[in-house]
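Here's the structure we're looking at; comments come further down.
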Amino acid sequence: MDHLLVEPESTRRSIYLEDSVAGGKGFSAVITAFDDLSRDLKALPELPLTVSSVQPCSPSLRYSTIFTPSPRRLKGFENFPDSVKYLEPHEILLTLESSGRWPEDLEGIQKIKAAFLSKIGEGLEATRSVLKAELVFDTEARTIDDNVSLEILTATGYAFRARIYYERTLLLLEEREEQMGAPPTSPGVTSSIDLYHQRFVLGPKHHAAISTLQNHFTSYSHSVRLVKRWISSHMLSNHFSDEIIELVVASVFLDSDSPYEAPQSGATGFARVMEKLASWKWRDEPLYVPLFTFTNAVTSGRRPTLPTSDKIRATAEFQSTRLTNPGIEEFAWVIATEEDVEGKMWSKRTGKVAAARARGLAKATLETLERGVVQGGLVVEVSSRYRSLFSTLADSRP
């Protein structure tokens, strides 16, 4: 299935640098670009507050994008057609050294962030490693939310989007909600506190945990990229966030009840995920993924499990969610982890129609795999290990 994770050769040669097309460096090139930018950010002189840490928070920096991010060809970029001008920015979070001079109002914090990012952009453009650093405002964001970022184009052909993390923002958001009451939220709209948790709290933790998982299971990256390609090929990407797909794939690697060992190849991981999606009764039960206790479990030689107290709470929260939202217009997939016991942080835009469609497609995909591999209906070469896997899946299905 490797050919599904590579753009057509003609496309690669037209938009990427030639040495990246021929070299096949995989994800190492974008990781190197991130490391170089991190050093430049921390070394910037004449900043009111220095950059103390730079944290990756992007699928491309945890080996889980469908295609490997290659450096873009920038020569003659202005003459490219609009369809190929878009550069996917890799999200990073900046933490500044501590200071007691930040304002105490949420709107003022955003203005200070803009001033800092503008100064950082000027410093980066003064170096030869960055071609352009542009301040960008989200005009549709609420004034109290994080609404300003710095988009950076490096000389190596990569784009990054930097945001500033300020820890007291959460306390101020909670104080405002306590004083004024939680504002009503419509379907598909994330509250200010949940948005902060997604972007600055759970997002970085999720990134770190997935990075640890893929470093331990070398087939995880290949598996999650195949599943994302499958989701995208069926026009469902807008309904499933990167994080929720990564959690579903992680579930087959961390399933303590599975009779199998963790998948040893991307194709096996993909088949296990299809089996999971085809059999998961998402209307009636959440999915439990012990993602954040994984590291401790590995060192002790045990398979990780979600703590019993978290599992009981997750079940109760799931039942409450279904009672308050019987139409399941959002939160169709509820995936509980230790850091998100309610299991709703990443699935707000996933409704019952998309979830049902994914389940139906997974069943059809399994039937195609079984017919093609077990019965020999497709002209493919498959090792005996894969034949055995699909035979087992076929026998175990109800």
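Throughout, read-outs are computed from the coordinates displayed, never taken from laboratory work. Computed from a prediction, not measured in an experiment: that's the story for all the values here. All Cβ positions, even for glycine, are placed from backbone atoms using ideal geometry, and neighbour counts span all protein chains on display.
What pairs from Lys75/Lys113; Lys113/Lys352; Lys205/Lys348; Lys228/Lys281; Lys85/Lys205; Lys85/Lys352 go past 29 Å between their alpha carbons? Correct reply: Lys75/Lys113; Lys113/Lys352; Lys85/Lys205; Lys85/Lys352.
Using R0 = 41 Å, the C-beta based FRET efficiency linking Asp35 and Glu339 works out to 0.95.
Once Rg and the Kirkwood radius are both taken over the C-alpha atoms of the range 157-245, their ratio Rg/Rh works out to 1.06. In a simple Cβ point-charge model (Lys, Arg +1; Asp, Glu -1; nothing else charged), the chain has a dipole of about 1080 debye relative to its Cα centre. Between Lys311 and Phe137, the contour length at 0.36 nm per residue exceeds the Cα-Cα span by 58.6 nm.
Were the residues from Lys119 through Ser53 laid out at 0.36 nm apart, the gain over their Cα-Cα distance would be 22.1 nm. In the list (i) 39; (ii) 26; (iii) 31, the label attached to percent of Cα pairs over 33 Å apart as derived from the coordinates here is (i).
Loop-located GluC sites (Glu not before Pro) across the range 97-133 with a Cβ neighbour count of 10 or fewer within 10 Å are Glu104, with loop assigned by DSSP. Loop-located chymotrypsin sites (Phe, Trp or Tyr not before Pro) in the range 44-131 (DSSP state other than H, G, I, E, B) with a sparse environment of at most 12 neighbouring Cβ atoms within 10 Å: Tyr86.
Taking every C-alpha pair closer than 8 Å and separated by at least 6 residues, the mean separation divided by the residue count of the chain gives a relative contact order of 13 percent. Angle of helix 308-324 to the longest C-alpha principal axis of the chain, folded into 0 to 90 degrees and rounded to 10: 90°.
Legend: calculated FRET efficiency, Ser83 to Lys42, from the Cβ-Cβ distance at R0 = 51 Å, rounded to 0.05, equals 0.90. Taking 0.36 nm per residue of separation and subtracting the Cα-Cα distance, full extension of the segment from Lys111 to Ser320 would add 71.3 nm. Taking label positions 7 Å along the Cα-Cβ direction at both Leu171 and Arg101, the computed distance is 2.0 nm, reported to one decimal. Here each label is just a point 7 Å from Cα along the line to Cβ, and for Ser129 and Thr218 those points are 3.0 nm apart. Of the options Gly266, Gly157, Ser64, report the single residue whose Cα projects farthest towards the positive end of the charge dipole of the chain (beta-carbon charges: Lys, Arg +1; Asp, Glu -1). Positive-most Cα among the choices belongs to Gly266. Packing around the peptides 205-215, 6-16, 280-290, taken as the average count of other Cβ atoms within 10 Å per residue, puts them in this order, highest first: 205-215, 280-290, 6-16.
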